[in-house]
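Heads up: the structure comes next, in structure tokens.
Every number in this text was worked out from the coordinates using simple rules, so none of it is lab data. Just so you know, these numbers come straight off a predicted model, no measurement behind them. Reconstructed Cβ throughout: ideal geometry from the backbone, glycine too, with neighbour counts over all protein chains shown.
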Amino acid sequence: MIKAVVDNLKGLWSLVVGLSVTGRFFLSPQKTVHFPRDVVGPEILESFRGPLELVPADDQGGSKCISCQMCARACPGDCITVVKGDAGKAPKEYKYDFTLCCLCAACVESCPAGAIRFSHRVYMVARSREELRLDLLADLRERCGLEPAPAPAPADKTKAVA
Ligand code: SF4
Ligand code: SF4
């Protein structure tokens, strides 16, 4: 009889503890948003690591990149391809495969020119893996309000085989 009463009291206490935890979280301020009716504010996105982007050097689509390849060498996922331009140190091609990126920041930390950083694109969507293989020079031009450079035409495999 006494054991049954003690067991019931323990069960009741457990219920009180559980409900107090539920009540505390129920009354605390909401930490999530109802997307798409609401979006996360820029202050929260400061620490968010989205896909890489080039840091603009001017408003003409120029980047700080000096084509040193340090980022590509540091990358454990082989995500980055930088091709130096014909004149000067500026790259003529900067490709980044977001599908392979683990957001480790090795590239950002190894860059001697401060030329790359993580974007805060939290609402980025893609319908195919191809759309996540990014041309960062075109992206930079677009962010500067310029027309992105046309994508290079895919290689004609029929001719290559012939
Ligand atoms: S964040 Fe890491 S995995 Fe992604 S591109 Fe940079 S070095 Fe490579
Ligand atoms: S490490 Fe920096 S400067 Fe060197 S190629 Fe990469 S982005 Fe450009």
Worksheet item: Which shape class applies to region 27-74: rounded if a/c is under 1.5, otherwise prolate when a/b exceeds b/c and oblate if not, where a ≥ b ≥ c are the square roots of the Cα gyration tensor eigenvalues?
Response: prolate
Worksheet item: What is the mean projected area of the alpha carbon convex hull for region 25-116, to one decimal in square nanometres?
Response: 8.7 nm²
Item to complete: Would you work out if the chain is rounded, prolate or oblate? Take a ≥ b ≥ c from the square roots of the eigenvalues of the alpha-carbon gyration tensor; rounded if a/c is under 1.5, else prolate when a/b is larger than b/c, oblate otherwise.
Response: prolate
Practice prompt. Please give the peptides 8-14, 96-102 ranked by average Cβ packing (other Cβ atoms within 10 Å per residue), highest first, as a rough proxy for protection.
Written response: 96-102, 8-14
Discussion item. Distance between the C-alpha centers of region 1-53 and region 95-129? Whole Å please.
Written reply: 32 Å
Practice prompt. Let me have the 222 nm mean residue ellipticity of the chain computed from DSSP H runs of 4+ only, each contributing -39500 (n - 2.57), with the sum over all residues rounded to the nearest 500.
Written response: -9000 deg cm²/dmol
Worksheet item: How far is helix 2-27 tilted off the main Cα axis of the chain, in degrees rounded to 10, range 0 to 90?
Response: 40 degrees
Item to complete: Quick one: among GLN30, GLN60, GLN69, which has the greatest mean-square fluctuation in a GNM of the chain with alpha-carbon springs under 10 angstrom?
Response: GLN30
Worksheet item: Restricting attention to region 1-105, which GluC sites (Glu not before Pro) occupy a DSSP loop and are surrounded by at most 12 other Cβ atoms within 10 Å?
Response: GLU46
Fill in: Relative contact order (percent, whole number), the chain, Cα cutoff 8 Å, 6+ residue spacing
24 percent
